[in-house]
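Undergrad: Got a structure for you, questions after.
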Amino acid sequence: MIKSLRFSILIFLLLFILSPFLKAQKIECFILEAPEKPFYDVHKIGVLKFNCTNNRRKDVVLTDYIVANLLDQKRGIENKGRSLYGLVKAKEGKTYVKGVKTDFYEVIERDQLEKIMKEQKLSLSGALDESSAAEVGRILGLDVIVLGNVSYTHTDERSNSELTGSCLKRTVTAKGTMKLISVETAQVVGTIASSAGFKDSGCGDKMSSVMSVDQLADVALNQLAKNFVDYFSPGFTYIKYEMEKVKLKAFKSKGKEAMDFLKNGDVDRAFPIVYAMFEADSYNPKTAYNLGVLYEMVGAYEDAFEYYGMAYELDYTNKKFQEATERAEKGVALAQYLEDIGRPIQAYSFTGDGVAGALAERVTIKGSSSDRTNVYELPNKASPVVAKVPGGLEFKVIKEHSKFYEIQLRGSKVGFLAKSDAK
């Protein structure tokens, strides 16, 4: 009885862990996002050593993580997903935005800052006041000085059960505040308080492999550094889109086809279908929103703002449409900034079949893959056979005749299929 119960619990836990992977695939990617507090007139930055109130050795750790984030050319793009005992492979982070690197600022090395501070007989920690920080910045020709403080705490939770034995769950939480000081005015021009927590756990023999407090603190400080940099610097962010279902009979199969293309990362083939659906029903907020999604995915923020705005204007009660419009509006300003500094988003050229091709009628050959059906040179079975195609394949219809379909074969070849041979 106990063994049966343990087995049932194990199966339940396995299904619970696997459930995210068994669900229908979502459309997900990384998009370039404007920061909460843009500083588009900033070019040169210095990061002072943060003051860690409960561990002086961590002063440098957070500071160096912030600098590393500022210099990262693909900041924010990371693997999403989990690896479950080798059964499920984590997905590699993907973006459709071309030509953008996220190392936007010239960052002065900490050694240079500390050298000047020693010469000025100033404190080397984040406890430095605004006027002194601005003075250091002026000497080095900076626009902004970054400083702040941080601390972290940890808890260990121990448990014991017949099923798992002795267990340890360790949690470390880091909290900090960052300030940005204008060198020109010696005033605080931006501030953010943030936190990051991480856990590790193990039972039985695996308790000894639980990460130490020091190791977990480094992980938490790394995340905190990313939170701080995201506050003022553009970067990539993970987004999961839920495309709107357009409940029109004429587009039912085409909508599913576009979704399948998007799930496979084929935006080129999805675009003409989504665009054609909007053209056919341009007063439907859902078709406008879906088109806005594709433009945002590739960094075409002006177009995204236009179509998201249409969707929100047609349905101003929809919070998702509102948030998308606001996000795209910030993206327009970001795109202008990138243009101004000579690092523009590379224009994306959709290369699908075109609107007409996307909505063209298609036919499926009768029979199985082992069967072969004749396709003729002319709409006449007495004409030469140009291809013998297996059953089950789908072909685009170029033109319909009384008893034949003119279909697109591979390459530039065309042929005529008897309607009696099509499903």
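Undergrad: Kindly indicate the residue of region 190-216 that is in a strand (DSSP E or B) and of a type in the set (A, V, I, L, M) and also surrounded by the most Cβ atoms within 10 Å (Cβ to Cβ) among those meeting that condition.
TA: Per the criteria, the residue is 196.
Undergrad: Next up: Could you give every pair whose Cβ atoms fall below 7 Å, whose first residue belongs to region 47-64 and is within 22 Å of residue 143 (Cα to Cα), and whose second residue is β-branched (Val, Ile, Thr) and at pLDDT below 85, counting only separations of at least 6 or pairs across chains?
TA: What qualifies is 49/60.
Undergrad: Can you find, within region 34-64, the residue that is modelled with the highest pLDDT among those that are part of a loop (DSSP other than H, G, I, E, B) and more than 19 Å from residue 230 (Cα to Cα)?
TA: Residue satisfying both the conditions and the ranking: 53.
Undergrad: Within the set of pairs 6 or more residues apart or between chains, which connect a residue that is closer than 19 Å to residue 237 by Cβ inside region 282-302 to a residue that is of a type in the set (Ser, Thr, Tyr) with Cβ atoms less than 6 Å apart?
TA: Between residues of region 282-302 that are closer than 19 Å to residue 237 by Cβ and residues that are of a type in the set (Ser, Thr, Tyr), the close pairs are 292/307; 292/308; 293/241; 297/96; 298/96; 298/348.
Undergrad: If you scan region 176-213, which residues turn out to be closer than 21 Å to residue 164 by Cβ and of a type in the set (Gly, Ala, Ser)?
TA: Answer for region 176-213, where residues must be closer than 21 Å to residue 164 by Cβ and of a type in the set (Gly, Ala, Ser): 201, 202, 204, 208, 209.
Undergrad: So, in region 376-398, exactly how many residues are of a type in the set (D, E, K, R), part of a strand (DSSP E or B) and surrounded by 12 or more Cβ atoms within 10 Å (Cβ to Cβ)?
TA: Here the count works out to 1.
Undergrad: List pairs: first in region 151-174 and in the same structural domain as residue 50 (by TED's automatic domain parsing) and in contact (Cβ under 8 Å) with a residue 12 or more places away in the chain, second loosely packed, with under 13 Cβ neighbours inside 10 Å and among the small types (Gly, Ala, Ser), Cβ under 6 Å, 6+ apart or cross-chain?
TA: As it stands, the answer is 165/204; 167/159, since those pairs meet every condition given.
Undergrad: Filter region 235-248 down to residues that are in a loop (DSSP other than H, G, I, E, B) and of a type in the set (Lys, Arg) and give me whichever is farthest from residue 36 (Cα to Cα).
TA: Here the answer is 247.
Undergrad: Among the helices (runs of 4 or more DSSP H) confined wholly to region 249-358, which include 3 or more residues that are basic (Lys, Arg) and surrounded by fewer than 17 Cβ atoms within 10 Å (Cβ to Cβ)?
TA: Fully inside region 249-358 and qualifying: 252-263.
Undergrad: To continue, here is another question. Test residue 365 against the criterion of being closer than 27 Å to residue 279 by Cα, among the hydrophobic types (A, V, I, L, M, F, W, C) and in contact with a strand residue (DSSP E or B) (Cβ under 7 Å, 6 or more places away or on another chain), and give yes or no.
TA: So residue 365 fails the test.
Matching residues to (1) more than 25 Å from residue 141 (Cβ to Cβ); (2) touching a Phe, Trp or Tyr at 6+ places or on another chain (Cβ under 6 Å):
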| position | (1), (2) |
| --- | --- |
| 169 | yes, no |
| 178 | no, yes |
| 181 | no, no |
| 185 | no, no |
| 189 | no, no |
| 195 | yes, no |
| 199 | yes, no |
| 204 | yes, no |
| 207 | yes, no |
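The values are calculated or read from the model by the stated rules, or taken from the named source; none is laboratory data. Since this is a predicted model, take the numbers as computed values, not measurements. Cβ: placed from backbone, ideal geometry, glycine included. Neighbour counts: every protein chain shown.
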